[in-house]
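Here's the structure, in structure tokens; my notes come after.
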Amino acid sequence: MECYLDNSATTRCHEKVKDIMVKALTGDFGNPSSMHMKGVEAEAYVKDAKKTISNILKVNEKEILFTSGGTESDNWALIGAAEANKRSGKHIITTVYEHPAILNTCAYLEEQGYDLTYIPVDSKGIVDTGALQDALREDTILVSMMYVNNEIGAVLPVEEVSKIIKDYNKNILFHVDAVQGFGKYRIYPKKAGIDMLSVSGHKIHGPKGIGFLYIDSKVKIKPIIFGGGQQGGMRSGTDNVPGIAGIGAAAAECYHNFEAKIDKLYELKEFFVSGIKELEGTTLNGPEGREGAPHIVSVSFEGIRSEVLLHALEDKGIYVSAGSACASNKPAVSKTLKAIGVKKDLLDSTIRFSFCEDTTREELGYTLEQLKEILPLLRKYSRR
């Protein structure tokens, strides 16, 4: 049996996504900036995707800007907004356990003279809203936080955070990295007080290399990519029509029968977590049940290095992650696990299991059976 349980790293494209992309690649392959009919046909894919996504978010179509993915969206939100608003101040707030696309951008902004404050989280990964309140200042221009933590599935109390920010100063911008949240939650930026929202295609059964950034029409932001003036001059470069068509189709698909899909994910999570708890020497990280995201389970396995267990599971046809896919190939300790206070001897013994709508109870049952056999053997050899 093959069990792909690394859906927070990437997902398999839906058939509908593949079909519309093939059509855009081989049939309606024109440049959407061209004035002839082939260009018009290509431009229709871009317009349809914008309409689909804007309807899901309940925002204006002009407020959806396509990018190369979550990383570019995050970079643009932070750098573009910081540069456009620096006359009002140079103080930016984020959390200690953001994705590298945010934390590394924040490090860059610090080098450019911006002042960064990093808000702590509790043992379940929930943002300390009191610390946020205390951190706000007259020169604060931007707050950036992730909707769902990509390693442990902790969920941001978005509306509470937004209220704290806007009650202090309605002009402070609030950016949300929703790469792991879009498709798992109904997100309405206008209602939630979100000024900018980052999304990536390949996390929602769409293609890699495409994403979008929602930018409220009132937001002052500068472009960070310059060229031919596409997307109203905000993000130059020939539109990735197949990718845009793909992310539009993926967005529509993941919100079709949405409640049933999410209920199924939580049922699978509950089944898997109950099985994990029966295994000796295991510690669950992050919130449990519906307090956390429906698709992420982080587990520390006492006495076993995560890389060793990852490959042992791979030998059984089970594919998991040792943390964030964007950092798991680097010999660095997870900032998320450190932030929530995971014991030092467990930091390098943690595996992330992440599900999708195609995950089955049988796959999870098989994974639990293999863990039950593998763990004692690995611990036996690790003690030698």
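The values are calculated or read from the model by the stated rules, or taken from the named source; none is laboratory data. In this text the structure is predicted, and so the values were computed from the model without any measurement. With ideal geometry, Cβ positions are generated from the backbone for all residues, glycine too; neighbour counts draw on all protein chains shown. Ligands, DNA and RNA are excluded from the accessible area calculation, which covers all protein heavy atoms including side chains. Shrake-Rupley method; radii C 1.70, N 1.55, O 1.52, S 1.80 Å.
Annotations
- Each Lys or Arg adds one and each Asp or Glu takes one away; over the other residues whose Cβ falls under 12 Å from the Cβ of VAL127, this sums to -3.
- Value of relative contact order over the chain, rounded to a whole percent, pairs C-alpha under 8 Å and six or more apart: 24 percent
- Adding -39500 (n - 2.57) for every DSSP H run of four residues or longer, then dividing by how many residues the chain holds, sets the calculated 222 nm ellipticity at -12000 deg cm²/dmol.
- Each Cα pair under 8 Å and six or more residues apart adds its separation to the average, and for segment 28-146 the resulting relative contact order is 23 percent.
- When peptides 42-50, 231-239 are ranked by their average number of other Cβ atoms within 10 Å per residue, the highest-first order is 42-50, 231-239.
- Peptides 85-97, 128-140, 156-168 ordered by average Cβ neighbours within 10 Å, highest first: 85-97, 156-168, 128-140
- Across the chain, Cα-Cα pairs farther apart than 30 Å form 41% of the total.
- On the beta carbon distance between ARG361 and GLU61, with R0 = 45 Å, the FRET formula returns roughly 0.70.
- Three-way shape call for segment 74-151 based on the alpha-carbon gyration tensor, with the a/c threshold at 1.5: oblate
- Point-to-point label distance, LYS372-LYS51, nm (Cα→Cβ direction, 7 Å offset): 5.3 nm
- Neighbourhood net charge (10 Å Cβ-Cβ; Lys/Arg +1, Asp/Glu -1) for LYS335: -1
- Local electrostatic count, ASP345, Cβ distance below 12 Å [Lys/Arg +1, Asp/Glu -1]: +1
- Global form of segment 210-252, assessed from the alpha-carbon gyration tensor, a/c cut-off 1.5: oblate
- Too-long pairs where the Cα-Cα distance tops 28 Å, listed order kept, from LYS16/LYS124; LYS51/LYS218; LYS124/LYS191: LYS16/LYS124
- The chain, accessible surface, carbon-and-sulfur percent (1.4 angstrom probe): 51 percent
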